[in-house]
Structure formats: structure tokens, C-alpha cells
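Notes to accompany the following structure.
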Amino acid sequence: MVFNLRWGILATGGIAETFVKDLLQDPTSRGVTDVSHTVAAVASSSSKSSAESFVRKLQIPEPCATYGSYAEAANDPTVQVVYVASPHSHHFQHTMLALEASKHVLCEKAFTVNAAQAKVLCETARKKGLFLMEAVWTRYFPLSIEVRHLVQTGAIGEVLRVISDLSIGNEPETSWSLDHRMVNKDLAGGALLDLGIYALTWVFQILYHTLPRSQRRAPSKITSHMAKYPGTGVDEETTMLITFPTTTPSALSNRTSHAVAMTAFRVATDPDNRKSAGPSIQIQGTKGHIQIFGPAYCPERYRVIPSCGSGDVPSIQDVHMPVPGGARGMFWEADEVARCLRDGRLESETLPWDESIVIMEAMDTVRQQGGLTYPEILESTTYPLDF
């Protein structure tokens, strides 16, 4: 029997539109036959008419309720799970709203503004017996799953270095007004929380997630440099050097694995938008490398290159894994949510709560080193707050 999951959508911006378009795709077009999705409600914080316009634009099938407040959608009895698509400055408050309404939650990345907020959300979900997941859609791409498997099975040996970049080549002065969410401190703007989370996603899913939970996995040292945008004081460029335990620790070895994670506004990973600049992620092991091409958030091709003299790795493999149906690939994380709820799980094994928290802790450290703070109300763990 197909398990159908009924969604309530909080916010009607661009990311919500992309997510809902993917939800409305026929699951069989991606080879999925065990779960399906229904959009049961849409809420806009500005007006009911905005929610109605969103429903009309995306041709969401009836019945789909529309609301002019998030609280109404969160309390709709037909909604099983809430998708929080507001700016990350408001993720803590809006996720708490849904959890207090006894709704399961998929919350957009970055999960929260800081690790303290993430811990409160996870503890609240635990106490209430509710599912909660950070919407890092990249984790659920078949390509990501396949690459993690290659690392875990030792296909490229011991991973000693990961280099990951997501930079977009936009000049803030001409790309956005000062109140735009990307550069607005009052919306927790900046490159780190919005883009850097994807660079860190590849770092952590390779050098942290692939290690057994019983093993020491947390980064031992983080060093970073941050350049501020003069217009608002958010970060416009951040580079991080992170030290991890090795993927195959040995009592005879004191080696560590290193990661370089980068994000920027003014320079681009792919400057000509033709994928001419090479891989956006490089995973470098003792027996070979894995190169990943395309934006860090939705790559569609990887290459495995053996080291010279390595007989354990076959010749160069070039693997294309495009998203089917002209979609973006957000439906895979939605499928994961559906399966978790169907199976009675409170968190996803692919991105468990402790991992979302440790990544938020890493970003806290980077912000502290760079002197980037947000208004106190955005950093608060008090609920409810109205702002």
C-alpha cells in the first residue's frame, strides 16, 4: 500500500515554490512506488490572498486550505507534517510553532541561527514524540548516497582531504537591496548560513557521517577567515579549514583528515555557468579521488580517479545521475520524511539530529572567529517571540 503524506507549507517564497513543484511530481517518474505526497494547506504570513495566489500559480489540486497566518496552518487537522520555508532567522520560532501544534516538521536549512536553538528544537521533538528533520536536500540525492557508499566501502582508501565550495559570483551592491534576505542582518543573512551550509554538507557527510557513531567523529579544530559586506556587516566570503579524525583510524597513526569549505558572493565556483571550472567538490583518498561536478547543492555527475599504481581502484569512472522529470530533486528528501513517518521514526538516519547540531556548532565557531553576530532576538531560544 502506498503511504500518502499530507503537507502544510509555511511561507510562499522561492524555496517553497521549488519544493512544492517537486512534491507535485508523480513519484513513479523517479521510480518511487511506496510513498506519495499531498499539499493539504498553504500559509502566507502576509495574507490569505498570497497563499491563494501560490496555490493557483502552482495548480495545487483541491482540497488545499489557504491561510493568512502560520498558526492556522500548523493547527489544521488535515496536515500531518509542516514544511518550514521561512528565512532561517525565523526557523526556530516557526518550527517551535509547528511542534507545539503537535505537527511533524521538515525545516529548511540552515536549521537555525545557532546550535542552542537546534538543541531546543530536537529536545522538544523528542519530548513530544514528533519527527523533525533539517531540509538538506543534497543528502538524499542518489548521487550523494552512492558517493557516501564508495567512501564507506574504502573505494578510494583512507580519505585525507575534502575540498568543497559553493560560491555564486554576485556583487551584493548590484544583486540585492540592503533589506534582501541574503545580506540583511535582521534576517540572519550572509554567505555562511545560506550557501556555506552546502559546502559544509559535503565535508560532514564524508568526514563525519561515514564514520561509525561509536567512533570519535567530531572536528578537533576549526580555523576560518571571514570577509564582511560593508553594506550590512554580514559575511560575503568565508573560508574554513576543519580537522577531523581519519576515516580509517589506526592506533599506529596520528594522522588527521582535513577539509577546506568555502563560500562567497563575489566569486563563483562556476564563473561562466558552463561547468568549465572543474569539480565543485574533491574527495581525496589514499587510493584515489572522487570529483563531484555541478553546484554543491544539486550535483549530477561524479568521477572516480584511481591513484597511480593503485590496483584496487578500477580505471576512471565517470557517472552521470541527472534529476528525473525536469525537477530540482527536493522530492527525495520529502520521500525520506514520508518513509520515516510511515515507519515511526523521529529522525532520519541520513541526517540525524546530532549531526545537524554539530554542524550548527561548527558555524557558531566560524561566526565567533569572524565576529559575526545577529540581533539578540534572532539568537534567542525563548519561545514564543514576535518579530
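The values are calculated or read from the model by the stated rules, or taken from the named source; none is laboratory data. Predicted model, so just to flag it, every value in this text is computed and none were measured. Here the Cβ is made from the backbone with ideal geometry for all residues, glycine too, and neighbour counts use every protein chain on show. The accessibility values were calculated without ligands, DNA or RNA, using every heavy atom of the protein model including side chains. Shrake-Rupley method; radii C 1.70, N 1.55, O 1.52, S 1.80 Å.
Note on segment 348-387: Rg/Rh from Cα positions, Kirkwood definition for Rh, rounded to two decimals, is 1.08. Find the all-direction average of the projected area of the Cα convex hull for segment 174-283, expressing the result in square nanometres with one decimal place. That works out to 8.6 nm², a quarter of the Cα hull's surface. Given R₀ = 30 Å, FRET efficiency for Val260-Thr18 by Cβ-Cβ distance, to 0.05? Working from the Cβ atoms, E equals 0.55. Structure remark: mean-square fluctuation, Gaussian network model of the chain, C-alpha springs under 10 Å; the largest value among Glu100, Glu376, Glu349 belongs to Glu376. Compute the whole-percent fraction of alpha carbon pairs in segment 314-387 spaced more than 16 Å apart. Result for the distance tail: 74 percent.
Using helices alone, I'd like the mean residue ellipticity at 222 nm for the chain: each DSSP H run of four-plus residues gives -39500 (n - 2.57), total over residue count, nearest 500. That comes out to -8500 deg cm²/dmol.
Counting 0.36 nm for each residue step from Ala116 to Val358 and taking away their Cα separation leaves a gain of 86.1 nm.
Find how many whole Å separate the alpha carbon centroid of segment 354-387 from the alpha carbon centroid of segment 29-85. Segment 29-85 and segment 354-387 have Cα centres spaced 29 Å from each other.
At q = 0.06, 0.12 Å⁻¹, what is the log10 ratio I(q)/I(0) for the chain, with the Debye formula run over Cα points and no solvent? The Debye formula, applied to the Cα set alone, gives -0.23, -0.95. A straight chain from Cys298 to Asp272 at 0.36 nm per residue would run longer than the Cα-Cα distance by 7.6 nm.
Between Lys128 and Ser46, the contour length at 0.36 nm per residue exceeds the Cα-Cα span by 26.6 nm. For Ala218 and Val319, the FRET efficiency from 1/(1 + (r/R0)^6), where r spans their Cβ atoms and R0 equals 35 Å, is about 0.70. Across Glu347, Glu173, Glu355, mean-square fluctuation computed from a Gaussian network of the chain (C-alpha pairs under 10 Å connected) peaks at Glu173. Here r is the Cβ-Cβ distance between Arg56 and Cys308 and R0 is 45 Å; the resulting FRET efficiency, rounded to 0.05, is 0.15.
Which of the three applies to segment 229-387, rounded, prolate or oblate, going by the alpha-carbon gyration tensor with a ≥ b ≥ c and a/c under 1.5 meaning rounded? Rounded.
Surface composition of segment 300-387: carbon and sulfur make up 48 percent of the accessible area, probe 1.4 Å.
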